[in-house]
1. Using beta carbons and a limit of 6 Å, which pairs, at least six apart or on different chains, have the first residue in the range 104-132 and farther than 15 Å from E86 by Cα and the second one assigned to a loop (DSSP other than H, G, I, E, B) and modelled with pLDDT of 95 or more?
2. Pick from Q384, Q338, Q394: which is closer than 17 Å to L284 by Cβ and part of a helix (DSSP H, G or I)?
3. Which of the residues spanning the range 240-278 are of a type in the set (D, E) and either open to solvent by less than 20 Å² (accessible area, probe 1.4 Å) or at pLDDT 95 or above (or both)?
4. Does any residue in the range 266-291 that is in contact (Cβ under 8 Å) with a residue 60 or more places away in the chain come within less than 6 Å, Cβ to Cβ, of a residue that is in a helix (DSSP H, G or I) and open to solvent by 10 Å² or more (accessible area, probe 1.4 Å) six or more places away or on a different chain, and which pairs are these?
5. Scanning for something over 21 Å from E146 (Cα atoms) and of a type in the set (F, W, Y), does the range 98-120 turn up at least one residue?
6. Quick check on the range 129-140: of everything there that is closer than 15 Å to G38 by Cβ and either small (G, A, S) or more than 12 Å from the chain's Cα centre (by Cα) (or both), which residue is most open to solvent (accessible area, probe 1.4 Å)?
7. Can you tell me which residues in the range 128-160 are at pLDDT 95 or above and assigned to a strand (DSSP E or B)?
Amino acid sequence: MNGFVYSIPTTIYFGDDQFDKLGEVVASYGSCVLLTYGGGSIKRTGLYDRIMGLLQAQGLSVIELGGIEPNPRIASVRRGAQMCKEGNVDVVLAVGGGSTIDCSKFICAGAKADRDPWDWFADKTTPIDDALPLVTVLTLAATGSEMDSGGVISNPETHQKEGRGAACLLPKASFLDPQNTYTVPPFQTAAGSADIISHTCETYFSQDKDLYFLDTFMEGLLRTVIKFAPIAMADPANGEARANLMWASSWAINGFADGGKTQAWSVHPMEHELSAFYDITHGLGLAILTPAWMRFVLAKDPDGTLPKLVQFAQNVFGIDDPALSDLERANAGIDALQSFFVNDLKLAPTLTAIDIDDEHFEQMAEKACHKNPAIAGFVDLTPQDIVKIYKACQ
């Protein structure tokens, strides 16, 4: 295995009894705040009023940017960065899920740069070396953006959805109160849970020799989501379920599970193209693609993939019938994951079910490879392979 360095200096304030520290923490970074949020649900739930009270108690000046979209747009990044520059903003406070937090990360960077923020995505060698401090209040367990240094932004004009990361984008502090997720609807809870599962699988499914401890950690994380996501959907105010999903979201993608593994994700690049072309919910696209991807890589490279897929079936879903062959166990694990997505999370089973046909599959597959011959993941995927996976999802 490879050596590695692990450092996550984000300070986490977890639970309702920590939330009243928000104003003091934000004030430690300056006196003028850009408050960012999405469609306005924080006002309906009363969270906005609570936050404003905490900020005002510290004498902070607040500028607001609401209406940040799901699959956040580069236009929102540009608008927020300009507001920061014109308002002499000291710190950004992002309240929402991954879309709001991702957008806010690049607003923070854009506020400190004399360039168009899309430059960072059009040419990924363009450095991101400075940013305003970011504090987050999480309202949806899904992307883990509250505890990592990356984000994904969409450009509808070019049908692109691209990710970047930089150390300066890591939030300084994140407030994780499970009660702030009690009003998340079942569909968004399901899609967020599928995102957590996919983040974990992208790291778990590797042919590298690595730490047994990290595999068991990820298997436990997957079992946690599988246990508690349906409970949260049926009983939205179940504190135990919401707390487990919220903490799993952060740890699925904060780098802890990487452990020196070669990182080359497969399903996310394919889904980013679905979202770029069709603006679908990210977690839904991942739930449709992941089982098809597993079946494809198992067929393409059975010698390389079968041991890990058997391990997944046994340790995540308890499929260890000695009467089954390894191949049967692997396929049973894939079937169990798809059944969980469709029957337990109530997510659409196919692309056809959400009105996506094959019109753009070849173009999407080329874009997913980012001008490379293939996605170099668990199994390398050429554009032709990716088209076959898309078609298998119909």
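1. Correct list of pairs: F106/P117; D119/T126; W120/T126; W120/I128; I128/A166; D130/K112; A131/K112.
2. None of the other options fit; the residue is Q338.
3. Those that are of a type in the set (D, E) and either open to solvent by less than 20 Å² (accessible area, probe 1.4 Å) or at pLDDT 95 or above (or both): E240, E271, E273.
4. That search, which allows pairs on different chains as well, returns E273/K367; S275/H282.
5. Looking through the range 98-120, at least one residue is over 21 Å from E146 (Cα atoms) and of a type in the set (F, W, Y).
6. For the range 129-140, the residue satisfying everything is T139.
7. L134, V135, T136, V137, L138, G150, G151, V152, I153, S154, N155
Every residue, every condition in (1) hydrophobic (A, V, I, L, M, F, W, C); (2) open to solvent by 20 Å² or more (accessible area, probe 1.4 Å), yes or no:
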{"site": "S149", "(1), (2)": "no, yes"}
{"site": "A173", "(1), (2)": "yes, no"}
{"site": "P178", "(1), (2)": "no, no"}
{"site": "T200", "(1), (2)": "no, no"}
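The values are calculated or read from the model by the stated rules, or taken from the named source; none is laboratory data. Remember, predicted model here, so these are calculated numbers, not experimental data. So basically every Cβ, Gly included, is an ideal-geometry build from the backbone, and we count neighbours across all protein chains shown. To get the accessible areas, we keep the full protein, side chains included, count just its heavy atoms, and leave off ligands, DNA and RNA. Shrake-Rupley method; radii C 1.70, N 1.55, O 1.52, S 1.80 Å.
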